[in-house]
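Novice: Dropping a structure here in structure tokens format, bear with me for questions.
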């Protein structure tokens with residue numbers, strides 16, 4: 001008696017679309033920079049300190065900080081933050 005074995009290969013095929021990074025600011029002096037973190041512990045501390053340092057070193061006009069309530073949720077405020085800032089720094093913590 002012969003039997004057949006069906007071999008399944010669980011490799012997926014992924015379609016990718018190349019994207020270009022956002023254009024970089026030529027200078028930071030007088031700019032409003034947004035800071036967004038993923039809601040994980042210590043990300044807010046990291047970005048707060050980074051914002052303070054960047055204000056002193058680069059002469060930022062203002063910083064704005066926003067936080068996702070949970071890592072797994074989308075940032076529903078992303079368009080608003082982008083519209084009120086000339087640049088955005090995104091970070092995560094732990």
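Novice: For region 41-87, name all the residues that are assigned to a helix (DSSP H, G or I) and loosely packed, with under 12 Cβ neighbours inside 10 Å.
Specialist: Scanning region 41-87 gives 45, 49, 53, 56, 57, 79, 83.
Novice: Hey, another quick one. Residue 90 versus (1) over 20 Å from residue 26 (Cβ atoms); (2) assigned to a loop (DSSP other than H, G, I, E, B): which is the lone unmet condition?
Specialist: (2)
We did not get these values from a lab; they are worked out from the coordinates using the rules stated. Everything numeric in this text was worked out from a predicted model, so none of it was measured. Cβ sites come from the backbone with ideal geometry, for glycine too, and all protein chains shown count toward neighbours.
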